[in-house]
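Structure, as structure tokens:
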Amino acid sequence: SRCCSGQGKLPELRCSTMAKESQQGCAALDLSSVATPARAAGDSPSEEALKAVCGLRSKRYDLTDELAAAEELKADFECMRQILLADLLKVEHMDALVATLEAMRKWMQKVDEADLNEQMSELRRFKQLAETWKNNSSGSPDESPDFFPLLTKVGQSVNSLVRCVDHLSQLYGKDLDGMGIHLPMIVAVGQESSGKSSVMEMIAGQPFFPRHEGTCTRLPFRLQFRCSSENSVSFQDIPDSKCHSPAEVQHRIAEITKSRTGNKSISAEEVILNIRMPNVPELTMVDLPGLIGTAYKTEGTNVKQQVLDMVKKYVSQPHAIVLAVAEARTRPRDNEVFGLVKELGAEDRTIGLLTKCDQAKEKRWRLSDKIGNRLNSATPEEQEKAGFVPLKRGFYGMICRDTEEVLYAEEGQTMEAILRVKEREREAFDKLIPDSDTRRRCGSDNVYKALSALFTEYIQNTWRPETMRKLGEHIKKTKDELLALRFSERYEEPPARNTSSTEKYKQELEDRIWKLSGYYHEFVSSFQLRERLFSKLPKVSGNPPNPLFGGASGGVSSGGFSPGIGMHMLFADELMRAMDSLKDEVQRCMVASLQRHSSTRNLLILREFVLTCIMDKVTSWVNIGKATLAGLAELEAVQPLPKPSCQRVDVSEKLRSVVLDVAEQDDCNMCLESMYSGRPIQMLLCCSKHFHAHCLDRLNNPKACPLCRAPIEDLTTRVSEQEEEQAVKQRLTELAKKVVTSVLQNLSGLNLGHELEQAISRPGAPTHLLEEDPEVQKKRQTLQQQLSVLRQGEQDVNAWCEM
């Protein structure tokens, strides 16, 4: 590999303002201006480049004319840039390169008459990258330590898993949280002004947070790193918020904080920063407001509890890797954040981070004891006795940016401020911590390694087995849902329209029709349908007749009745409306049944076709019943209620056929001849039977009924008008019940399969009866896509065994 061999490109050593140069141009070096040692015969280009670098380091400049010296330094800086672009230096040359870059930067600092800030900034950047390349020379050849070193390190181990989670996130979105599948996030917690935001800046590699005196975090900031070809930062759910420099981000954060909190209160509403960079995994870091010891009056009385609840909410999440931040000049046991970690059982996923170590030089702060191996090798009981909260990963030390960094004006708002802190951090720890073992737990680079190790361990021991279990559950659930949406045993998906003439299509349609026919008879014969239909009929009440509608006779049309005879006419009108509601009820029942049955559940066209066939039959049956009911009601309305002298009721010629149909009586009960034509007929009220009028006249005893022998003369003397009204209503109700029973009998006797086959064969019948509901097709496609992604995710996670 590049790094192991010590050859290859120094990664990303480019000036930010430099245009791309061709490979031929980069190879043509002009080192004539550089005082280099004499070239030995057989020197390689790499050795020649090294000698040029050494020559620049030993070069001296005449500062009596600062403008001339500045121009010479600029020319040498361009020469150095050409050397780096030529890609000739090896990893073992980095010490010489770093020394040369530092020497050139010091010379530039001495020039006051010219502005060399841009060149000095690039020299510091080159130096940082050279040192990082040297330190990571045994790492991966794809390592790019330019930005976000922690994310790059983590990404080398878990890129396949990150890709898996990204695919799942794109498909399921917010539902992914419901599955419990997410990579860990890094959460910084600590007391106010303990340096949390500075720690997050060091980890992220960019100074995003405002650094002015008195500034503190007043709402949670979520940094979401997104892999992209562009370099930008934007605020989620805030339009036109894209930023292209840390200064823009700081300014926008200050505005949001002021608008939401007034720089006084605390808000639980997250500010989400989407950071887009090439070659970084999609990870999340959260900076929370600091725990408050005492709240000011301007902040409100419950602000302390608000912050505590917020911190607990984040720390308690099982996928949160916690950075418990505290100043080095404190006793960990007295710090509330470590007690909170212990209370929530998060010790195994927490790293203790002591900040501002450069201010804990006095022995009483026991800095070496806090971060040394002696503490980490002690038992939990021994650690607690010494005043520490036992953490599996122990404690680390860092030196963060101070507010004094803003004295560098604009330079303090760029990445150079972080690079300066790393330089100062190394120098300070070299003096503070002489022990080499303890030194390995100091500095931001070692914190990167600790976080990466914790991240990797979490994925290996917790995330991977738990995610495999959850993915398996969701794969099974998705398969079951797809199985439930299978079209049939013959077709996995609905057949295409152009196959409607094939035998396979016709057989599928026939199977569905006859399967539905069997269920149809079971449903029609059920008690529920019978009960629901009979419930539509009005009840016979004992209300007295309405005097407004008594006395006069009235006629009846097929659509309803004209009031005039009595309350039974209103009742008859109500029965006719009940006949119409009878059809509606049958239709509702049929629609619900067709939507439930597997043969028609997802087939809109077939469902409508079957419903139309059934309802056409039901409509004709109900109309016949309505006509019969109308005839009986008209018969009751034509003749006024009988008086005591009128026991023999004449039946008018125009109602003869209707009356006989209703009475289901064709022949005279005396002469047994047909009564449909010929001589007048009459009805005796005692038995409600019909006779020829001349037959009744020939009776030996005309005052007695020939059937029941009841005295005709005394029959109606005991019947009141109200009782007769009730009798009429009862007769109408009985006929209505017969109509309902007839409809039910016709429904039960209907050969639905045969009727549907005949209807399908008629001209004009729909040809695409097996066309499926588009919503069902869309759902099936979504489930198939989900299953594919879940299986790929399971494969990625299962294949990831070694870090």
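Restricting attention to the stretch 380-427 and to residues that are among the acidic types (Asp, Glu) and at pLDDT below 80, the residue that is nearest to Val337 (Cα to Cα) turns out to be Glu384. Among the residues of the stretch 335-355, those that are more than 31 Å from the chain's Cα centre (by Cα), crowded, with 20+ Cβ neighbours inside 10 Å and in contact (Cβ under 8 Å) with a residue 60 or more places away in the chain comprise Asn335, Val337, Leu340, Ile351, Leu353, Thr355.
What number of residues within the stretch 232-244 are out of contact with any Ser or Thr (no Cβ under 8 Å at 6 or more places or on another chain) and either at pLDDT 80 or above or under 19 Å from Met200 (Cα atoms) (or both)? Total meeting the criteria: 6.
Restricting the stretch 428-444 to residues that are farther than 11 Å from Ile399 by Cβ and buried (at least 22 other Cβ atoms within 10 Å of the Cβ), the residue that is modelled with the highest pLDDT is Arg441. Of all residues in the stretch 462-480, those that are under 16 Å from Pro184 (Cβ atoms) have Cβ atoms under 9 Å from Cβ atoms of residues that are open to solvent by 50 Å² or more (accessible area, probe 1.4 Å), 6 or more apart or on another chain, in Thr462/Pro318; Arg464/Asn798; Arg464/Cys801; Glu466/Pro318; Thr467/Glu794.
For every residue, the table says whether it meets (1) open to solvent by less than 80 Å² (accessible area, probe 1.4 Å); (2) part of a helix (DSSP H, G or I); (3) at pLDDT 85 or above.
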position	(1), (2), (3)
Glu723	no, yes, no
Leu732	yes, yes, no
Leu747	yes, yes, yes
Gly753	yes, yes, yes
Gln758	yes, yes, yes
Pro763	no, no, yes
Thr767	no, no, no
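Does any residue of the stretch 354-362 turn out to be farther than 16 Å from Ala188 by Cβ and of a type in the set (A, V, I, L, M)? Yes, the stretch 354-362 has at least one match.
Do the conditions hold for Ile475, that is, is it crowded, with 16+ Cβ neighbours inside 10 Å, on the phi < 0 side of the Ramachandran plot, of a type outside the set (D, E, K, R) and touching a Lys or Arg at 6+ places or on another chain (Cβ under 7 Å)? Here the answer is yes, as Ile475 does meet what is asked. List the number of the failed condition for Thr717; all other conditions in (1) farther than 22 Å from Leu537 by Cβ; (2) part of a helix (DSSP H, G or I); (3) modelled with pLDDT of 85 or more; (4) not charged (D, E, K, R) hold. So the condition that Thr717 fails would be (3). Could you tell me whether Thr600 is crowded, with 19+ Cβ neighbours inside 10 Å and under 47 Å from the mean Cα position of the chain (by Cα)? So Thr600 passes the test.
Residue pairs whose Cβ atoms lie under 9 Å apart, sitting 6 or more positions apart in sequence or on different chains, and linking a residue in the stretch 322-333 that is among the polar types (S, T, N, Q) to a partner that is assigned to a strand (DSSP E or B), are Thr330/Gln191; Thr330/Leu354. Residues in the stretch 358-373 that are assigned to a helix (DSSP H, G or I), crowded, with 17+ Cβ neighbours inside 10 Å and touching a Lys or Arg at 6+ places or on another chain (Cβ under 9 Å) were compared, and the one that is modelled with the highest pLDDT is Asp358.
Scanning the stretch 47-57 for residues that are within 17 Å of Lys127 (Cα to Cα) and either open to solvent by 30 Å² or more (accessible area, probe 1.4 Å) or in a loop (DSSP other than H, G, I, E, B) (or both) yields Leu50, Cys54, Arg57.
With a requirement of 1 or more residues that are over 16 Å from Thr217 (Cα atoms) and among the hydrophobic types (A, V, I, L, M, F, W, C), the strands (runs of 3 or more DSSP E) lying completely within the stretch 255-354 that satisfy it span 271-277, 320-327. If you filter the stretch 214-254 down to residues that are open to solvent by 20 Å² or more (accessible area, probe 1.4 Å), among the polar types (S, T, N, Q) and assigned to a strand (DSSP E or B), you find that the one that is farthest from Met310 (Cα to Cα) is Ser234. In the set (1) open to solvent by 60 Å² or more (accessible area, probe 1.4 Å); (2) at pLDDT 85 or above; (3) out of contact with any helix residue (DSSP H, G or I) (no Cβ under 8 Å at 6 or more places or on another chain), the condition left unmet by Ser620 is number (1). Taking the criterion of being free of Cβ contacts under 8 Å to residues at least 12 places away in the same chain and β-branched (Val, Ile, Thr), the only residue of the stretch 767-785 that qualifies is Thr782. The condition (being more than 23 Å from Arg601 (Cα to Cα), out of contact with any Gly (no Cβ under 7 Å at 6 or more places or on another chain) and in contact (Cβ under 8 Å) with a residue 12 or more places away in the chain) is satisfied by just one residue among Gly793, Gly764, Gly749: Gly793.
Yes or no, residue by residue, for (1) modelled with pLDDT of 80 or more; (2) in contact with a Leu (Cβ under 7 Å, 6 or more places away or on another chain):
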site: Phe77; (1), (2): yes, no
site: Gln82; (1), (2): no, yes
site: Glu92; (1), (2): no, no
site: Glu102; (1), (2): yes, no
site: Lys110; (1), (2): yes, yes
site: Glu113; (1), (2): no, yes
site: Leu116; (1), (2): yes, yes
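Note on the stretch 508-528: among residues that are open to solvent by 70 Å² or more (accessible area, probe 1.4 Å) and modelled with pLDDT under 80, the one that is nearest to Arg497 (Cα to Cα) is Glu522.
Output the residues belonging to the stretch 61-111 that are at negative phi, open to solvent by 50 Å² or more (accessible area, probe 1.4 Å) and of a type in the set (Asp, Glu). Across the stretch 61-111, the qualifying residues are Asp62, Asp65, Glu71, Glu72, Glu78, Glu92, Asp95. Within the stretch 482-493, the residues that satisfy the criterion of being surrounded by 15 or more Cβ atoms within 10 Å (Cβ to Cβ) and either hydrophobic (A, V, I, L, M, F, W, C) or under 23 Å from the mean Cα position of the chain (by Cα) (or both) are Leu482, Leu485, Phe487.
The values are calculated or read from the model by the stated rules, or taken from the named source; none is laboratory data. Quantities reported herein were computed from a predicted structural model and do not represent experimental measurements. All Cβ positions, even for glycine, are placed from backbone atoms using ideal geometry, and neighbour counts span all protein chains on display. The accessibility values were calculated without ligands, DNA or RNA, using every heavy atom of the protein model including side chains. Shrake-Rupley method; radii C 1.70, N 1.55, O 1.52, S 1.80 Å.
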